[in-house]
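Please read the structure below before turning to the comments.
Readers should treat all values here as calculations from the given coordinates under stated rules, not as data from a laboratory. Every value quoted in this text rests on a predicted model; they were computed, and no experiment measured them. Because the Cβ atoms are built from the backbone with ideal geometry, glycine has one as well, and the counts that use them run over all protein chains shown.
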Amino acid sequence: MTTRPALGVTLRRTMAVLLLGLAALLTGPGAGRSLADDSLAAAPARPFVRGGYDDKPHVSGLFGRIAVGGYLEARAGWARQDGVTDELGIEVTRWNLLISTRLRDRVAIFSEIEFEDGGSEATVELAQVDIRFMPAFNTRAGILLLPLGRFNLAHDAPRNEMVTRPAEAEALLGVALAQPGLGVFGWIDRPGGARFSYEAYSVTGYHEGLIADSPEGTRLPAGRRNFEDRNASPAVVARIEWSPERRAGLGLSGYHGAYNIYRAGGLEVDERRDVSVAALDVEAPLGPTQWSGEVATVRVDLPPTLPGLFAGRQAGFYLMGAWRFGEDWIARMPGSSFTLAARVEAVDFDRDLAGDSMRALALGLNFRPLPETVVKFGFERGETRDRFNNLGAFARLRLGVASYF
Amino acid sequence: MGPEQQVNPAPVNRARVWSGRRWIAPGMVAGSVLLAFSAGCGRLLTTAPDAADVFDAPLAGLSPADLAAFLEGDEQFGKPFAISEGLGPIFNNVSCASCHSGDGRGRPENVLTRFSILGDLVPELGGPQLQDRAIPGAEAERLPANVETSRRLPPPVFGMGLMEAIPADSILSRADPADLDGDGVSGRPNLVSVPEFIPAHEPGGTAPALGRFGRKAQVSSLLLQTVNAYHQDIGITTDFRPDENVNPLASRPTEAADRVADPEIPASIVRSVVAYLRLLAPPAPGGSTPRREAGRALFATVGCVSCHVPVLRTGPNATPALANREVPLYSDLLLHDMGDGLADNRSDGDADGREWRTTPLWGLRIMRDFLNGQAFLLHDGRARSVEAAVLLHGGEAQVARDGFAGLAADQRAALLDFVESR
């Protein structure tokens, strides 16, 4: 128990150092350009995050005042667990509506409404207002995609070369992870195409559902939807990225905040229990291939009355490589291409227990008739360990179609 | 690009030529992948274990309706309860399957502590079972002072329907409480009371009922076992027991911490789990070898079979798969004095502090498969091998134990091989 407050202190110190570094950068060479001479005057030539909120076809093709777009994902799946077919079906996984607008190049609004499972669930996944002062300093408020790992910021199905999302992002951190918040962001371009960027927000944070709604052990996704800030105790999340060139970047993220209701009506009704997350993400071209990966570690303060059932420490990673080939092989479909992709991943949902973990290898072969549209064929083979450490094996074959519109 | 354009000045033709050639290599790669895929399809797509090698297979010969009930119960048996679904306020674990690994026995981490005072289950102190976990806002129980305790490893749950279907007369006919045959082995039934919420038509529902389940045969009915497990182990109220199990010694009321209205699950879910338990098949024993047959003979001559009766038989039953069939459980389902070493000095129903129900030996063959290669035997899991368990026997089993200890090493190995092949 004594290490948990220390972690919080460490995170706050880290934030302080980051802010000091930021201040130095803001006052250093290349910083503080005027509003007139930067890319704010038009749609940014270079997106803040490649594949992120401002890097969608409907935005880059923006005309008029409001741009409407979106994407659709449908897939057919066949899954087998320990020799038993337990999933065989077709689903329209999500239909997302994207609406964006700019007001006199100083205010930009991005929003995304997600309809999942045939519309049975509708979620505002993004609704942010950016007020732009200068590249190095801007403010943002609304329902934000938390900058906790790169995949959460750029998780659209048409971008993902796999039919499924990485378990590290989806099952460990809870992608898509969107919460109300406000804060600052910016970037500083360096000579040679390099860029340093940062984001730092105060958000509602994970809520107690990560324990209370999660019978199988600690699961952050069960506590991610927190649109009302249940415990009235904001969390902080921040990410910095160094990008030497457009297709490469190294990002470091951190999150810290209380998840339980420990104060109510001005009274202390429980001990404060925090969640802390650190994530390191990378993407880089290597020869003809493009690589991306992410590793995250989680610490959760646990109620003292629940020993041995919930995890205080979790971790996970994925690494994915993709090789695009066959561009224009199909003469009648100029701009088409194929992609071979492979992903290796593992998540340990309880680092203090032998068991409660998974690992998998995924292979994908995709065809893109257009850059915005992809037909994916994926195969995954993996192992799970239950809390007794009993081994289970799974295999999944999936066919997916995803397209921006 | 330049030289190619000179050789093929017509772009359309070039595209046609190259598009054909470019398909060759990926076509070969795709073909190879497909070939390799189909060759190793079974392993790639995972394979199911043989039904004889698991603890959670249904009995053979079930009707489609019974199989549907089995699957429904299987899902409920494995369902973990979240706090927001009614877990607690005090509890031991989050689901049935969380204590019974693969439907087999539990691990030492799952050991339950039962306590009482001179046979009184002391509900006013939180008895008969310690709930050492609590949801936030509630207080977990602490063991009261001056109580008798007994640590109980969760037992396997397969074959319980077959055990239930054995006629009481068949079990009682083997009882010899006064040891009239003078073989040093008595064996007596645990006749137990039945709570009112168990219908009289339910197997084991008429008091005094013959206890068959539990380490001291203290439970007569699968329904009662299931209701109590939900109530005490998981903290889930049912139509049968709609009042929360609370910590009576808590410094403040703990009911308020559980915000889910009672009963938290209906009788239909409880009954689906009962149906599942009733229809679970025991794993098949291993094949016969000369060494095992020698071990089988020694198992009899040493005297193990006096209590570990190899086969009992079910009677008529509404479910054909349970009716009139042999049950190779290696138990007489009676209580025996097991000596000071194993005594918990705590009575349970008619069972005294030295008595334990003969533990069935079926399923030992694959026990380790679900315990990470380890073995946890006897009522509290203290024995890490069959041999260690045998050597801890005493009381009525002292003669058999000494007989085993006196065997030559190869004979002991043969006997152990036989037992571990059950």
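Against the globular-protein guess of 2.2 N^0.38 Å, express the Cα radius of gyration of region B:165-285 as a ratio, rounded to two decimals. List each step's numbers first, then the result.
Working: Rg = 18.1 Å, N = 121, 2.2 N^0.38 = 13.6 Å.
After normalising by residue count via 2.2 N^0.38 Å, the value is 1.33.
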Per the Kirkwood treatment, what hydrodynamic radius in Å, one decimal, follows for region A:3-404 from the mean inverse distance over all distinct Cα pairs? 22.2 Å
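Let me know the charge dipole size of chain A about its Cα centre in debye, to the nearest 20, where only the beta-carbon of Lys, Arg (+1) and Asp, Glu (-1) is charged.
Numbers: 45 positive and 49 negative charges, 206 e Å.
Rounded to the nearest 20 debye, it is 980 debye.
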How large is Rg over Rh for region B:290-419, taking Rg from the Cα atoms and Rh as the Kirkwood inverse mean of 1/r across Cα pairs? 0.99
Calculate, in nm to one decimal, what B:LEU67 and B:SER173 gain on full extension: separation in residues at 0.36 nm each, minus their alpha carbon distance. 34.8 nm
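How far, in nm, would the chain grow between A:THR101 and A:ARG65 when pulled straight, counting 0.36 nm per residue and subtracting the alpha carbon separation?
Full-extension gain reported as 12.4 nm.
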Per principal axis, largest first, the Cα atoms of region A:108-157 extend in Å by 41, 21, 14
Ordered by packing density, taken as the mean number of other Cβ atoms within 10 Å over each peptide's residues, highest first, how do A:321-328, B:182-189 rank? B:182-189, A:321-328
Amide N of region B:271-285 lying under 20 Å from the label point, which is placed 7 angstrom from the Cα of B:ARG325 along Cα→Cβ: B:273-285
Residue (of B:SER170, B:ALA97, B:ILE234) at the positive-pole extreme of chain B, dipole from beta-carbon charges: B:ALA97
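Partner chain Cβ atoms within 10 Å, averaged over the residues of B:74-84 - can you pull that number for me?
3
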Inter-chain shielding metric for A:303-312, i.e. average beta-carbon neighbours from other chains within 10 angstrom, reads 5
When only DSSP loop residues count, what GluC sites (Glu not before Pro) in region A:251-298 have their Cβ near at most 14 other Cβ atoms within 10 Å? A:GLU271
For a quick check: with amide H placed at 1.01 Å from N, whose amide H comes under 5 Å from B:ASP332's, ignoring anything fewer than 5 positions away on the same chain? B:VAL309, B:THR358
For B:THR301, A:THR123, B:THR226, order by how many other beta-carbon atoms lie within 10 Å, fewest first: B:THR301, A:THR123, B:THR226
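What does the helix-only formula give at 222 nm for the protein assembly as shown: each DSSP H stretch with n ≥ 4 adding -39500 (n - 2.57), the total divided by the residues, and the result rounded to the nearest 500 deg cm²/dmol? Walk me through the numbers before you get to the answer.
Details: 17 runs with 159 residues, N = 827.
Per the formula, -5500 deg cm²/dmol.
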Charges at C-beta only: +1 for Lys and Arg, -1 for Asp and Glu. How large is the resulting dipole of chain B about its Cα centre, in Debye rounded to 20? 2060 debye
From the Cα trace of region A:73-201, what convex hull volume per residue do you get, rounded to a whole Å³? 136 Å³
Cross-link reach list, lysines versus B:LYS216, counting only Cα pairs under 30 Å and skipping chain neighbours closer than eight places: B:LYS79
Quote the relative contact order of region B:290-419 in percent (integer), defining contacts as alpha-carbon pairs under 8 Å separated by 6+ residues. 31 percent
The percentage of Cα-Cα pairs in chain B separated by more than 43 Å is 23 percent
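Hey, got the average number of other protein chain Cβ atoms within 10 angstrom for residues in B:45-55? Walk me through the numbers on the way to the answer.
Values: counts 12, 14, 6, 6, 2, 0, 0, 0, 0, 1, 0.
Counting other chains' Cβ atoms within 10 Å and averaging over B:45-55 gives 4.
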Could you check which residue among B:GLN129, B:GLN374, B:GLN225 shows the biggest mean-square fluctuation in a GNM of chain B with a 10 Å Cα cutoff? B:GLN374
If neighbour count is taken as other Cβ atoms inside 10 Å, put B:PHE91, A:PHE137, B:PHE299 in order from fewest to most. A:PHE137, B:PHE299, B:PHE91
Quick one: if the Förster radius is 30 Å, what FRET efficiency do B:ALA51 and B:GLN374 give, using the C-beta to C-beta distance and rounding to 0.05? 0.80
Where in chain B are the helices, taken as whole DSSP H runs, whose Cα atoms extend 24 angstrom or more along the long axis and whose Kyte-Doolittle mean reaches at least -0.5? none
With x for Gly and Pro, the residue-by-residue ³J(HN,Hα) of region B:347-359, computed from phi through the Karplus equation 6.51 cos²θ - 1.76 cosθ + 1.60 at θ = phi - 60° and given in whole Hz, is 7, 8, x, 7, 6, 8, x, 10, 9, 9, 6, 4, 6
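Quick one: net charge of A:PHE317's neighbours, Cβ under 12 Å, K/R +1, D/E -1?
Local net charge: -3.
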For the protein assembly as shown, take every pair of Cα atoms, bin their distances at 20 Å starting from 0, and report each bin as a whole percent. 13, 38, 30, 15, 3, 0
With +1 at each Lys and Arg Cβ and -1 at each Asp and Glu Cβ, the charge dipole magnitude of region B:147-227 around its Cα centre, to the nearest 20 debye, comes out at 360 debye
